[in-house]
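Data first, discussion second: the structure below is written as structure tokens.
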2 protein chains.
Amino acid sequence: MLPLRQFQDFIEQQQLFVRGNRILLAVSGGKDSVLMLHLFKAVGVDVGVAHCNFNLRAGEAQRDENFVALLAKNLGLPFYVTHFDTKKYAAEHKISTQMAARDLRYNWFEEIRLKEEYDYIALAQHQNDAVETVLINLTRGTGISGLHGILPKRDRLIRPLLFLTRQQIEETVAANNIDFVEDSSNASTNYTRNKIRLQVVPHLQEINTNLEKTFAENIARFAELETFLNVQVEKLEAKIINKKADAIYISLVEIEKLNPQKLLLYELLKPYGFGENVVHEILDSLKALSGTHFFSATHQAIINRNDLVIIEKNKMVTANQFIHPTSKSVVFAGNEISLQFTEEIKFEINARKAFVNADKLIFPLALRNWQNGDKFTPLGMRSLKKVSDYFIDEKVPLHLKGTTPILVNGNGEIIWIVGMRQDNRYKLTTATKKVAIFELKIK
Amino acid sequence: MLPLRQFQDFIEQQQLFVRGNRILLAVSGGKDSVLMLHLFKAVGVDVGVAHCNFNLRAGEAQRDENFVALLAKNLGLPFYVTHFDTKKYAAEHKISTQMAARDLRYNWFEEIRLKEEYDYIALAQHQNDAVETVLINLTRGTGISGLHGILPKRDRLIRPLLFLTRQQIEETVAANNIDFVEDSSNASTNYTRNKIRLQVVPHLQEINTNLEKTFAENIARFAELETFLNVQVEKLEAKIINKKADAIYISLVEIEKLNPQKLLLYELLKPYGFGENVVHEILDSLKALSGTHFFSATHQAIINRNDLVIIEKNKMVTANQFIHPTSKSVVFAGNEISLQFTEEIKFEINARKAFVNADKLIFPLALRNWQNGDKFTPLGMRSLKKVSDYFIDEKVPLHLKGTTPILVNGNGEIIWIVGMRQDNRYKLTTATKKVAIFELKIK
């Protein structure tokens with residue numbers, strides 16, 4: 001009475017796993033996951049049962065756990081259970097209860113999978129879940145990646161019930177007198193999904209009675225198209241992205257050639273956290289003068305001469321870091337600046353070191369990045385010069401302007417363009433009694 | 001009060017047309033197209049008004065036509081009108097009234113555009129039309145091409161109202177006291193679109209109040225992705241499709257390398273009318289023995305040695321063509337076989353000619369393609385041989401087995417494997433009194 005043939009055909013056709021693999025089943029106790037458990041048991045796959053108690057509805061959650069524990073015991077299967085404080089986790093991470101439950105369970109399943117040596121984690125999502133996910137993603141806004149929604153296999157997750165509709169599951173469970181609980185942890189609180197399920201999908205089914213099958217076919221097409229895009233973008237990355245130690249370079253000529261431009265630049269910049277809006281801005285300003293900056297959460301992009309240059313933000317001095325007389329060293333962007341004092345008046349020609357008249361220092365000193373209007377007196381000169389002009393004269397690429405730390409005295413005067421040139425006002429003189437030696441240590 | 005700035009911004013941003021272009025407006029008389037007309041008039045573009053009367057609802061259709069004619073006259077604009085017998089056209093072409101109206105109007109608009117020298121045809125579809133189209137296509141089943149549904153610009157069609165929602169159009173028309181008619185020709189009969197509009201979209205809008213804007217963004221992404229796919233498929237075509245005179249060859253090794261395979265083979269074979277199911281079958285039988293045949297409405301595909309070979313069906317002899325004593329020639333697959341009689345007993349060594357003992361012919365003769373079980377006695381031999389064995393011995397590629405015509409006598413005996421070998425039983429002998437000369441003329 002169980003659809004074993006279709007189940008096995010689906011596993012084979014989608015290459016979900018192979019004979020001999022061990023599968024960890026996520027079983028909430030609801031009809032979907034309980035049917036999945038019976039199907040696996042019936043075809044003789046080596047499985048274990050994992051259950052999450054999210055402590056969301058005290059009595060029901062315990063009832064569900066007991067039900068699944070007993071079911072696993074009766075079937076002679078290993079049983080793994082965990083309890084989560086979902087609300088606390090959600091509050092701590094500032095995410096919805098829904099998202100919190102999702103994160104917690106996926107992390108825990110993976111933990112158990114590794115520890116207990118299972119090959120895959122099986123989730124009991126069905127065709128209607130997939131239909132709903134596509135409609136939710138479209139409604140909220142999506143690209144191609146939101147159109148498959150739920151795939152039969154992704155990494156270590158498999159969904160072997162995607163050959164069944166919700167109705168088929170209900171009929172099968174009823175026809176086989178399979179016991180289950182009304183799943184309390186499930187998304188009964190999910191407003192959006194319920195609205196799609198109850199108010200939208202039935203109307204679409206009036207248009208197409210095979211809606212779930214049609215969507216499964218759509219989804220398979222979109223998943224292939226996404227694969228294709230990913231394959232092509234990888235090739236493109238290998239071809240036009242030039243990763244150097246200080247930054248990532250993409251030639252503007254190559255960006256001009258991209259077709260279609262928005263889509264491909266978006267895909268190329270996605271790993272650096274740049275969104276669609278920033279990509280539009282970058283494309284709009286390709287013809288602009290050099291120097292335009294764009295930011296993501298983790299990176300900065302800047303148009304510099306013939307390249308779009310992308311720098312990790314943590315390689316930049318983003319805020320003042322203060323140096324006190326007792327500071328032995330200050331770490332910035334993974335590198336280090338050390339400070340030591342000496343009364344021996346010595347000097348060394350080394351761009352990585354600054355020998356400064358310590359008597360003139362007003363603590364705390366600040367280490368910060370370039371600011372508009374910065375001026376200093378380059379060593380050996382007598383008058384103030386704009387730091388930006390100095391950078392231009394020294395042919396410092398624009399993007400390094402943001403990553404070059406500047407050591408500033410407590411009175412606001414620049415002491416050292418770190419690694420490049422110190423200020424004439426702070427140089428050692430015959431009157432100097434105490435020397436501060438700053439040293440840049442690149443790691 | 002009219003949203004002229006947004007209208008002009010949208011035209012510019014989407015590069016719909018340029019200053020000086022002449023635009024032919026499709027005006028049904030409904031609020032969408034009437035608003036479009038007023039917007040164009042207000043910004044001073046050179047436009048003409050085209051109206052189709054589909055004769056679907058007698059009184060209303062005439063009222064609509066009169067309304068649009070008067071509007072054009074009052075605004076001093078050229079007016080073009082046509083009457084269609086939509087039901088008759090639909091019946092003749094076995095398509096829905098909806099489809100018939102669509103075909104008729106697009107064809108007629110293009111005709112007027114060319115004749116009257118307009119640059120573009122403007123249609124008054126708005127953002128909600130686009131939302132509905134995407135949902136309809138998804139519900140009915142689609143690939144990426146069904147996901148943009150309605151684009152701002154495609155070939156000579158532009159849709160300059162895609163920056164407005166239905167609600168915004170209604171508000172604008174009301175606020176500006178713009179007269180319009182309740183469009184009788186419009187899709188009030190379209191069950192599917194109405195269901196989506198009235199029963200599905202409102203629920204999605206409860207989830208996302210900016211649904212139309214979100215869908216416009218989705219659609220722009222999907223359109224870019226489709227462009228990308230098309231660009232890549234064109235490159236792939238140039239690289240792996242080998243078009244020869246007799247057929248189109250795709251190396252099986254190249255097909256094996258496609259990634260993802262289904263999507264790309266589908267796209268490559270689409271121009272030859274092969275659908276998704278056939279593509280799946282071809283991929284399933286790649287490892288099969290040579291000789292498997294697949295058919296589309298227009299083409300045959302066959303796996304032959306190291307290639308997938310695609311042949312136009314009209315290059316094949318698909319049914320018997322009969323030759324009567326009075327036939328001077330028979331045309332098949334664009335080539336010709338001529339017949340003439342002579343009493344001069346002559347002979348010529350020429351594979352394109354057969355010199356046959358006319359006394360043995362039983363009319364009508366048939367020209368047909370190879371059939372399983374065919375046997376003949378090759379000229380110079382004494383015993384029957386399978387035609388398929390003969391083809392193998394002669395190293396005839398498998399796909400030519402289907403395109404090589406065979407001349408058959410009225411008694412079923414083979415007279416000539418056209419262009420290759422005639423039958424020994426029909427050769428000229430000293431007793432022959434009348435000769436039939438068949439000649440293959442390749443065009």
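The table below gives the values:
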{"quantity": "Residue list for the stretch A:151-164, filter: in a loop (DSSP other than H, G, I, E, B) and open to solvent by 10 Å² or more (accessible area, probe 1.4 Å)", "calculated": "A:LEU151, A:PRO152, A:ASP155, A:ARG156, A:ARG159, A:LEU162, A:PHE163"}
{"quantity": "Residues being in contact (Cβ under 8 Å) with a residue 60 or more places away in the chain and either more than 28 Å from B:ASP46 (Cβ to Cβ) or not aliphatic (A, V, I, L, M) (or both) - total across the stretch B:62-108", "calculated": "6"}
{"quantity": "In the stretch A:39-57, the residues that are at pLDDT below 95 and closer than 12 Å to A:ALA26 by Cα", "calculated": "A:CYS52, A:ASN53"}
{"quantity": "Matching helices (runs of 4 or more DSSP H) fully within the stretch B:198-266 where at least 3 residues are within 29 Å of the chain's Cα centre (by Cα), modelled with pLDDT of 90 or more and more than 9 Å from chain A (Cβ to nearest Cβ)", "calculated": "B:211-240, B:252-257"}
{"quantity": "Every pair of residues 6+ apart whose Cβ atoms lie under 9 Å, when the first sits in the stretch A:231-242 and is among the charged types (D, E, K, R) while the second is not in a helix (DSSP H, G or I)", "calculated": "none"}
{"quantity": "Residue count, the stretch B:407-443 (criterion: touching a Pro at 6+ places or on another chain (Cβ under 8 Å), in a loop (DSSP other than H, G, I, E, B) and either at pLDDT below 85 or open to solvent by 60 Å² or more (accessible area, probe 1.4 Å) (or both))", "calculated": "1"}
{"quantity": "Of all residues in the stretch A:324-357 being in a loop (DSSP other than H, G, I, E, B) and touching a Phe, Trp or Tyr at 6+ places or on another chain (Cβ under 6 Å), the one that is most open to solvent (accessible area, probe 1.4 Å)", "calculated": "A:PHE347"}
{"quantity": "Filtered residues of the stretch A:273-305 (kept if out of contact with any His (no Cβ under 8 Å at 6 or more places or on another chain), assigned to a loop (DSSP other than H, G, I, E, B) and surrounded by 16 or more Cβ atoms within 10 Å (Cβ to Cβ))", "calculated": "A:THR292, A:SER296"}
{"quantity": "Qualifying residue in the stretch A:175-191 (condition: within 11 Å of another protein chain (Cβ to nearest Cβ), open to solvent by 40 Å² or more (accessible area, probe 1.4 Å) and either charged (D, E, K, R) or free of Cβ contacts under 8 Å to residues at least 24 places away in the same chain (or both))", "calculated": "yes"}
{"quantity": "Count of the stretch A:130-166 residues which are away from chain B (no Cβ under 14 Å) and without any contact (Cβ under 8 Å) to a residue 24 or more places away in the chain", "calculated": "2"}
{"quantity": "Meets criteria (part of a helix (DSSP H, G or I) and not hydrophobic (A, V, I, L, M, F, W, C)) for B:THR192", "calculated": "yes"}
{"quantity": "Residues located in the stretch A:1-18, provided they are under 34 Å from the mean Cα position of the chain (by Cα) and not aliphatic (A, V, I, L, M)", "calculated": "A:PHE10, A:GLU12, A:GLN13, A:GLN14, A:GLN15, A:PHE17"}
{"quantity": "Any hit, the stretch B:306-322, residues being at pLDDT 80 or above, over 15 Å from B:GLY419 (Cα atoms) and open to solvent by 80 Å² or more (accessible area, probe 1.4 Å)", "calculated": "yes"}
{"quantity": "Residue list for the stretch A:372-401, filter: open to solvent by 60 Å² or more (accessible area, probe 1.4 Å) and either touching a residue at least 24 places away in the same chain (Cβ under 8 Å) or in a strand (DSSP E or B) (or both)", "calculated": "A:LYS375, A:GLY380, A:MET381, A:ARG382, A:LYS386, A:GLU394"}
{"quantity": "Subset of the stretch A:58-78 (residues that are open to solvent by 60 Å² or more (accessible area, probe 1.4 Å) and at pLDDT 90 or above)", "calculated": "A:GLN62, A:ARG63, A:ASN66, A:LEU70, A:LYS73, A:ASN74, A:GLY76"}
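To keep it simple, each residue is scored yes or no on (1) part of a strand (DSSP E or B); (2) among the acidic types (Asp, Glu); (3) crowded, with 22+ Cβ neighbours inside 10 Å.
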position: B:GLU117; (1), (2), (3): no, yes, no
position: B:ALA124; (1), (2), (3): no, no, yes
position: B:THR133; (1), (2), (3): no, no, no
position: B:THR139; (1), (2), (3): no, no, yes
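The values are calculated or read from the model by the stated rules, or taken from the named source; none is laboratory data. Computed from a predicted structure; not experimentally measured. Neighbour counts are summed over all protein chains in view; Cβ atoms, including those assigned to glycine, are modelled from backbone coordinates with ideal geometry. Ligands, DNA and RNA are excluded from the accessible area calculation, which covers all protein heavy atoms including side chains. Shrake-Rupley method; radii C 1.70, N 1.55, O 1.52, S 1.80 Å.
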